[in-house]
Amino acid sequence: QVQLVESGGGLVQDGGSLRLSCAASGRTFSLYVMGWFRQAPGKEREFVAAISGVGSIIRYADSVKGRFAISRDNAKNTVYLQMNILKPEDTAVYYCAADPNFSRDSSGYGSWGQGTQVTVSS
């Protein structure tokens, strides 16, 4: 397992942008698929984006495709989520997750961060 710490959340207006970061511990970061998930109040945790260990495979949820971009810097053990054209429905706690296997399912990830709140005001 790896330890994950998210940062970069906050309050932004409708149409604004934020960049989330997730710093991972350990020396084998490039072996892990990194995913971003989010959970809004009263809703289940949902997949946002995932990137393979060397960045060759990237997947997005349809709801964020064209607005969000996931990337990683293996030299810094960090994965990013650039969020543009934010909407009030993007409001949620955002979590990063890590696992050796690629998945869109939260149950497929063994390591999780504590989450960072993103609030988009209308």
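The values are calculated or read from the model by the stated rules, or taken from the named source; none is laboratory data. For clarity, every value in this text was computed on a predicted model and none was experimentally measured. Ideal geometry is used to build each Cβ from the backbone, glycine not excepted, and the neighbour counts take in all protein chains shown. Areas reflect the complete protein model, heavy atoms only, side chains present, ligands, DNA and RNA absent. Shrake-Rupley method; radii C 1.70, N 1.55, O 1.52, S 1.80 Å.
Tabulated data for the structure shown
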{"quantity": "Segment 82-105: number of residues that are open to solvent by less than 70 Å² (accessible area, probe 1.4 Å) and in contact with a Gly (Cβ under 8 Å, 6 or more places away or on another chain)", "calculated": "9"}
{"quantity": "Candidates 35, 66, filtered to the one that is under 22 Å from residue 120 (Cβ atoms), open to solvent by 60 Å² or more (accessible area, probe 1.4 Å) and modelled with pLDDT of 95 or more", "calculated": "66"}
{"quantity": "Which numbered condition residue 55 fails, given (1) surrounded by 15 or more Cβ atoms within 10 Å (Cβ to Cβ); (2) touching a helix residue (DSSP H, G or I) at 6+ places or on another chain (Cβ under 7 Å); (3) in a loop (DSSP other than H, G, I, E, B)", "calculated": "(2)"}
{"quantity": "Within segment 82-122, considering residues that are in a loop (DSSP other than H, G, I, E, B) and among the small types (Gly, Ala, Ser), the one farthest from residue 72 (Cα to Cα)", "calculated": "122"}
{"quantity": "Among (1) basic (Lys, Arg); (2) closer than 20 Å to residue 7 by Cβ; (3) surrounded by 16 or more Cβ atoms within 10 Å (Cβ to Cβ) - the single one residue 76 does not satisfy", "calculated": "(3)"}
{"quantity": "Qualifying residue in segment 60-75 (condition: in a loop (DSSP other than H, G, I, E, B) and in contact with a helix residue (DSSP H, G or I) (Cβ under 6 Å, 6 or more places away or on another chain))", "calculated": "yes"}
{"quantity": "Residue among 9, 26, 115 that is at positive phi and at pLDDT 95 or above", "calculated": "115"}
{"quantity": "Residue check, residue 79 of a type in the set (A, V, I, L, M), in a strand (DSSP E or B), farther than 25 Å from residue 25 by Cα and in contact with a Lys or Arg (Cβ under 7 Å, 6 or more places away or on another chain)", "calculated": "no"}
{"quantity": "Close pairs from segment 1-18: first closer than 23 Å to residue 112 by Cβ and free of Cβ contacts under 8 Å to residues at least 60 places away in the same chain, partner assigned to a loop (DSSP other than H, G, I, E, B) and open to solvent by 50 Å² or more (accessible area, probe 1.4 Å), Cβ under 6 Å, at least 6 apart", "calculated": "none"}
